[in-house]
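Asks: Got a structure for you, questions after.
The values are calculated or read from the model by the stated rules, or taken from the named source; none is laboratory data. None of these values were measured; they are calculated from a predicted model. Cβ atoms come from the backbone with ideal geometry, glycine included; neighbour counts cover every protein chain shown.
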Amino acid sequence: MNVPALFGLGTNADVDIRFDGEEQRQWVDVKVNRDQRDKFPLYADGETVTGKVTIRVKDGKKLEHAGIRVQFLGQIEAFPDKQPNDFISMGQELMAAGEIRGLQTFAFEFKNVEKQFESYLGTHVKLRYFVRVTISRRLSDIVREKDLWVYSYKVPPDQNHPIKMEVGIEECLHIEFEYNKSRYHLSDVIVGKIYFLLVRIKIKYMELSILRRESTAGMSPANPPDPETLAKFEIMDGAPVKGEMIPIRMFLSGYELTPTFRDVNKKFSVRYFLNLVLVDEENRRYFKQQEITMFREPLPGMPTAPVAPVATASAASPVPESAASPVSSPSPAPAAAASAGAAGSPAPAAAAVPVEAVVADQPLLASQ
């Protein structure tokens, strides 16, 4: 993507940036906004970035300047910060002050560039790697940028616990859901089961969705942005009966997912959740969100870097929810629902088996 940034009036020069060998590279197709997609050449962490800058002055005129400079930048734009943060900044002078006539080409090289973070274009956050060319002029500079893309391959921890939890509304509904694991690679398959242990409300359908939640250092923890729904998958249509088991099989390769990012350069995080939603015949919606960890699976023979274990939703470690979504406790086996707690707060659990429960007509799990 060439991102022109022109200040002041127009110019009589065309500036083109090309990476060496970009035609032979793998290109990544990325959604850059709601209605637009673009492609970027893929680079690896530590790989040298070389290319050429071509400046063409139009109509036999000359371009006077105070110097031409090329930079390699790694940059994070995170709402609500007004200024982007450069975590990589490398520069080279291409030409001292003077003038250009006709066509002139300059080569650049940035050796062994550390690119430790994966590129990301989200709703509230952007992490870019790009080359910027600046032609300094007395009244207004000419600036051109060209992006590249970086993938991050991290080896996930060995332990990958299944997720198993019981939830319910006292004396109305009691279900147990189970997902086969808590960490998934981007082309993985989510396999799970839903057990209906008690059914006394008329459920119309049930669906599983994937949510992505971005957070930045400048956001208020008390008012986080709404998560983005990336996928919806209907897993049941019609009323279940007590004792019924509904299987889950959801293929992730068809969705535009990224790895989970945690506190990237102390600027932002991107987390993923599985959202189980039930809708009754009165169109009341009940849901439970469960965090999962996403990772990019390394290609065969590719060097990888280990990543430290992180706390995720599992049978051993329930994930905290937002204030509007009470925390459920994990359950090792089916059991009757615990007595109801106050609306908007976690319910007290049974002594033997912790189970989340809420008052009827209030959210099962949490209101949506």
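Asks: Can you find even one residue in the stretch 134-151 that is among the aliphatic types (A, V, I, L, M) and within 30 Å of residue 281 (Cα to Cα)?
Replies: No; the residues of the stretch 134-151 include none that is among the aliphatic types (A, V, I, L, M) and within 30 Å of residue 281 (Cα to Cα).
Asks: Separate question: Consider the stretch 163-177. How many of its residues are part of a strand (DSSP E or B) and either within 16 Å of residue 278 (Cβ to Cβ) or modelled with pLDDT under 85 (or both)?
Replies: Let us first name the residues in the stretch 163-177 that are part of a strand (DSSP E or B), namely 163-169, 173-177.
From what's left, either within 16 Å of residue 278 (Cβ to Cβ) or modelled with pLDDT under 85 (or both): 165-169, 173-177.
The qualifying residues number 10.
Asks: Restricting to the stretch 126-157, what's the tally of residues that are outside any loop (DSSP other than H, G, I, E, B) and aromatic (Phe, Trp, Tyr)? Steps first, answer last, please.
Replies: In the first step, residues of the stretch 126-157 are kept if they are outside any loop (DSSP other than H, G, I, E, B); the result is 126-135, 142-150, 154-155.
Of the ones still in play, those that are also aromatic (Phe, Trp, Tyr) are 129-130, 149.
Here the count works out to 3.
Asks: Could we say that residue 162 is surrounded by fewer than 21 Cβ atoms within 10 Å (Cβ to Cβ) and within 30 Å of residue 26 (Cα to Cα) here? Let's see the steps before the verdict.
Replies: Details: surrounded by fewer than 21 Cβ atoms within 10 Å (Cβ to Cβ): yes; within 30 Å of residue 26 (Cα to Cα): no.
No; evaluated as a whole, the condition is false for this residue.
Asks: Just checking, which of 119, 136, 182 is small (Gly, Ala, Ser), on the phi < 0 side of the Ramachandran plot, crowded, with 20+ Cβ neighbours inside 10 Å and outside the structural domain of residue 290 (by TED's automatic domain parsing)? Working first, answer last.
Replies: Numbers: 136 fails: crowded, with 20+ Cβ neighbours inside 10 Å; 182 fails: outside the structural domain of residue 290 (by TED's automatic domain parsing).
From the options 119, 136, 182, the qualifying one is 119.
Asks: Something else about it: Give the residue, chosen from 223, 160, that is within 30 Å of residue 85 (Cα to Cα) and not in a strand (DSSP E or B).
Replies: Working: 160 fails: within 30 Å of residue 85 (Cα to Cα).
Selected residue: 223, the only one of 223, 160 that is within 30 Å of residue 85 (Cα to Cα) and not in a strand (DSSP E or B).
Asks: Out of the residues in the stretch 155-188 that are among the β-branched types (Val, Ile, Thr) and more than 20 Å from residue 261 (Cα to Cα), state the one that is farthest from the chain's Cα centre (by Cα).
Replies: Applying the first criterion (among the β-branched types (Val, Ile, Thr)) to the stretch 155-188 yields 155, 163, 167, 169, 175.
Okay, now just the ones that are also more than 20 Å from residue 261 (Cα to Cα), so 163, 167, 169, 175.
Details: 163: 21, 167: 28, 169: 33, 175: 30 Å.
Here the answer is 169.
Asks: Taking the stretch 226-254 only, how many residues are charged (D, E, K, R), within 29 Å of residue 83 (Cβ to Cβ) and assigned to a loop (DSSP other than H, G, I, E, B)?
Replies: Pass one, the stretch 226-254, residues charged (D, E, K, R): 226, 228, 232, 234, 237, 242, 244, 249.
Subsequent filtering for residues that are within 29 Å of residue 83 (Cβ to Cβ) retains 226, 228.
Going one step further and asking which of them are assigned to a loop (DSSP other than H, G, I, E, B), we end up with 226.
The number of residues fulfilling the criteria is 1.
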